[in-house]
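In what follows, a structure is listed as structure tokens, so that the remarks can point back to it.
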Amino acid sequence: MESDEDGKTGESEQVPQTQQVCRFFSKGRYCSFGKKCKFLHVRDDAAAHERKTVESLSGSDFTPPPASNSRAAPAPGRRPCRYFISGHCTMEDRCRFWHPPQFPPVDNLPVSGNQTRPSQRMPPVARPGILQEVKLCDLTEDLNKQLRDTEIKQLKKRFPKDQLIIQERSDGKVTYYRATVQATDPDWPFDLKEIDIMVSFPDNYPQEIFTLDIPFDQDLPPVMARHVQQASLEWLQAKHATNQLLGKIELLFRPFLRWLDRSLERLFTEGARQLKKDVDLEKAGLQFIPYQELQATVCEKSENGHSSDPAPDPAAAVDADEDASQSVEGEKPVDPGCDEEQQQEEASHLVENIKISDPRRGTEVKLLGLRLGENTATVVAQKIAVCLQCNRCKITADLTLSGRTACSAQCEKCNASINAAFRPCMLHHYSDVLGYLDLNSAAPADLVLQDCELIVGCLSCSQECPVHNLSYGQTKEFNCEHCHSKLSILAESTRFLYIQPRTSKTASSAVNYKTLRDPAVQKGKPLPEKGTCKHYKQSHRWLRFPCCGRAYPCDVCHDEHQDHPMELATRMICGYCAKEQPYANGKPCISCGSMMTRGARSSHWEGGLGCRNKVKMSRNDRQKYANTNKTVSRKATGEKK
């Protein structure tokens, strides 16, 4: 009877043959029906894995004791935690997987044969990261040293050899670690994706924060590097102060790297805004001096023998710094009787000094009628082609300049040494200044825009792409190489303006400007020889040929200077006011109204330029006395007899 009852009971507990197992839930996948599913939600792999694990650890004679908690019996379809089985699970009671019950100690397990149990147990394995945080009351010198060594070991393991440089000071007391940190954001918006940091851990670290420096010998601008360093130091100091209030000591290098990775885009953006503000101030002729640097300058001056004098005024210190910078720039009074060689050496020294404190200096190159497209953010000239005119023989020659190095050349006719340098500026919607030229023994005549190499910044993706073959008066339309947005640039003409240098208060007014000369082409002033040439004496204009983008008085002059076939000119420059405009034959200038070419001459009116008042006519003019002695009848005059 008992066996029959047991058999019936076992048959009642078995799953009916007609009901199938849900194929989604049994394979560990998600079943959208949930409890409403008409199939059974049973996972055989969990029970089999549990049974296999228990049998391998305890043997066939061992039966686990009944558990007193809810995790003793796993719920249907609940997987065992692989971390708990391997030794440790950090989630503990919060883990959503099943933790098998604890097994009895080794002493209680049966031993077969002549085997003996060891008298001592193996020491427990230390949990990872146990030395990351220590209470302040438990900190000792040995523990402090151990924490510092742990931080250095983790630093060396985190960065590979090609991204970590270890340097020691000459005395060997301080060791610097220079590491390269890369941004992990997949949507990183900047071209610069990494930054170098230099850290050193003091002897009492982590009781004190580690020192952090951002080296300036990298692609990151110094203004942005200083901003990142200042923000990092503020975060470290705030984190260290919080830990002291909580009464604990923490290793801060790894938390700092995580914070830097999350905040690097924000820091770069704020640094870029500060850099743009400094650039705008320099363009306006202003210089921002931080309060710390100003105080340091005042302290140095007081230590150099002026301690007995009253404290100097900061405004006076700024004026003194400006005078000193101006004297360094080379604006010194020159004796009129000095040698020409010395003057040329000084001029060449001025030209070679490209990176000067005052950007508005030299000859300003401005694009008139500049129009940038909607998605065109900035334009920077990487290389320009300028037509320079020698001050001695008035010969014009082309010279290619870049913003990196100065260029030296000799005139083909008089062999005069010509030095030139170019300092580029950033073009945007509110600035049309292309850059500044530093010239010696030459004057600018024209900018060959077609041979210039420009770099355009896209407003949509913040990327840059090169642009070539621009022409005056024609809109250059192209697409961004990265996001394919439409970009466009239009420039009507170029204007050169020589900026007079600022003279210091102590310098005398007698400054030699013999080597300096105004540009050959200036707006509102006539062209050299009013635009005429030896081939056409009555043509007061220059023609800009689209084949090379250069301006010549006529087609014959173009063929004499160039080796390619001439194309018909599409633009011209007025010889009376230097206004560049579309080509129009027989029409006056749109700016000054002057006729650039003479029409068909007549014997009397001289093509419309003659005088019609016989009183003011010259005596040599045969029309002055014409018809004066002619007999006129009374009938024609209307007189009566």
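The values are calculated or read from the model by the stated rules, or taken from the named source; none is laboratory data. Here the structure is a predicted model, which is why all the values come from computation and not from measurement. We place every Cβ from the backbone using ideal geometry, glycine too, and count neighbours over all the protein chains shown.
Structure values in brief
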{"item": "Subset of segment 467-487 (residues that are within 21 Å of CYS547 (Cα to Cα) and of a type outside the set (Phe, Trp, Tyr))", "result": "VAL467, HIS468, ASN469, LEU470, SER471, GLY473, GLN474, THR475, LYS476, GLU477"}
{"item": "Of all residues making up segment 10-26, the number that are within 25 Å of PHE97 (Cβ to Cβ) and at pLDDT below 75", "result": "1"}
{"item": "Out of GLU151, GLU194, GLU234, sole residue that is modelled with pLDDT under 90 and either in contact with a His (Cβ under 6 Å, 6 or more places away or on another chain) or under 21 Å from GLY271 (Cβ atoms) (or both)", "result": "GLU194"}
{"item": "Positions within segment 557-581 being surrounded by fewer than 14 Cβ atoms within 10 Å (Cβ to Cβ) and either outside any loop (DSSP other than H, G, I, E, B) or not charged (D, E, K, R) (or both), in sequence order", "result": "ASP559, GLU560, HIS561, HIS564, PRO565, LEU568"}
{"item": "Breaking point among (1) within 26 Å of the chain's Cα centre (by Cα); (2) surrounded by 16 or more Cβ atoms within 10 Å (Cβ to Cβ); (3) farther than 30 Å from CYS461 by Cβ; (4) modelled with pLDDT under 80, for PRO359", "result": "(3)"}
{"item": "First in segment 65-93 and over 25 Å from LEU40 (Cβ atoms) and modelled with pLDDT of 75 or more, second anywhere and part of a loop (DSSP other than H, G, I, E, B) and of a type outside the set (A, V, I, L, M, F, W, C), Cβ under 6 Å, 6 or more apart", "result": "PHE84/HIS99"}
{"item": "Pairs where the first residue, in segment 245-262, is assigned by TED's automatic domain parsing to the domain that holds GLU194 and the second is among the β-branched types (Val, Ile, Thr), C-beta under 6 Å, 6+ apart", "result": "ILE249/VAL134; ASP261/THR184"}
{"item": "Residues satisfying the stated conditions in segment 392-408, i.e. under 33 Å from the mean Cα position of the chain (by Cα) and in a strand (DSSP E or B)", "result": "ASP398, LEU399, THR400, LEU401, SER402, CYS407, SER408"}
